[in-house]
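Okay, so here's the structure we're looking at.
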Amino acid sequence: MEERQVVRHKSFSLAREAPDEAAFELEWMDYGFHLFTDADSGEDSVLYRSGPTGYRLAQVHPRPQLVGSVAVPLTVSELPAPRMTVAEAKQRLEVAGFSFVFFADDSTGRGNVLYHRYDGHYGLIVPAE
């Protein structure tokens, strides 16, 4: 079996939005997760579907107290995003068996998402500088 590689690398300016707006975009586009900048805290954040509450929000530096009121059922992780390299994120993705890993890039400190693609390789989403 050939080794998995990052075959899709997307860099774009993250939308500055509230978790409700991120949830709408996640559902509208049928994403498994949505990487954005939280409008209230200014933190790079990821929103994804999770368990009985509906959605879970993770942030590079969690600030649950700054998450404004939301209409969607939401839990907020109090754990900071792990700071790592892309190689370390690949390893975590494989070991944990997740469909994606949200992490703070070791060199920039910005929130990134490494995910499994339909073809078995990886995709990487990073904020534009």
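The values are calculated or read from the model by the stated rules, or taken from the named source; none is laboratory data. If you're wondering where the values come from, they're calculated on a predicted model, not measured in any experiment. Counting neighbours? That spans all protein chains shown, and the Cβs are built from the backbone with ideal geometry, glycine included. What goes into the accessible areas is simple: the full protein's heavy atoms, side chains included, and nothing from ligands, DNA or RNA. Shrake-Rupley method; radii C 1.70, N 1.55, O 1.52, S 1.80 Å.
Results, tabulated for the structure shown:
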{"quantity": "Residue match in segment 115-125 (condition: loosely packed, with under 14 Cβ neighbours inside 10 Å and free of Cβ contacts under 8 Å to residues at least 12 places away in the same chain)", "calculated": "yes"}
{"quantity": "Members of segment 5-24 found to be assigned to a loop (DSSP other than H, G, I, E, B), touching an Asp or Glu at 6+ places or on another chain (Cβ under 8 Å) and open to solvent by 30 Å² or more (accessible area, probe 1.4 Å), listed by number", "calculated": "Ala15, Ala18"}
{"quantity": "Single match in Ser69, Ser45, Ser41 (criterion: open to solvent by less than 20 Å² (accessible area, probe 1.4 Å), at negative phi and more than 14 Å from the chain's Cα centre (by Cα))", "calculated": "Ser41"}
{"quantity": "Selection within segment 108-129 - assigned to a loop (DSSP other than H, G, I, E, B) and either basic (Lys, Arg) or under 22 Å from Asp38 (Cβ atoms) (or both)", "calculated": "Thr108, Gly109, Arg110, Arg117, Ala128, Glu129"}
{"quantity": "Segment 25-34, subset out of contact with any helix residue (DSSP H, G or I) (no Cβ under 9 Å at 6 or more places or on another chain) and under 16 Å from Arg56 (Cβ atoms), residue least open to solvent (accessible area, probe 1.4 Å)", "calculated": "Leu26"}
{"quantity": "Within segment 48-63, tally of residues that are in a strand (DSSP E or B) and on the phi < 0 side of the Ramachandran plot", "calculated": "8"}
{"quantity": "Residues of segment 83-105 that turn out to be among the hydroxyl-bearing types (Ser, Thr, Tyr) and within 16 Å of Leu35 (Cα to Cα), as a count", "calculated": "1"}
{"quantity": "Residue count for segment 48-66, restricted to those that are in contact with a helix residue (DSSP H, G or I) (Cβ under 9 Å, 6 or more places away or on another chain), surrounded by 14 or more Cβ atoms within 10 Å (Cβ to Cβ) and over 18 Å from Pro127 (Cα atoms)", "calculated": "2"}
{"quantity": "Which numbered condition Ala81 misses (of (1) buried (at least 19 other Cβ atoms within 10 Å of the Cβ); (2) part of a loop (DSSP other than H, G, I, E, B); (3) modelled with pLDDT under 95)", "calculated": "(3)"}
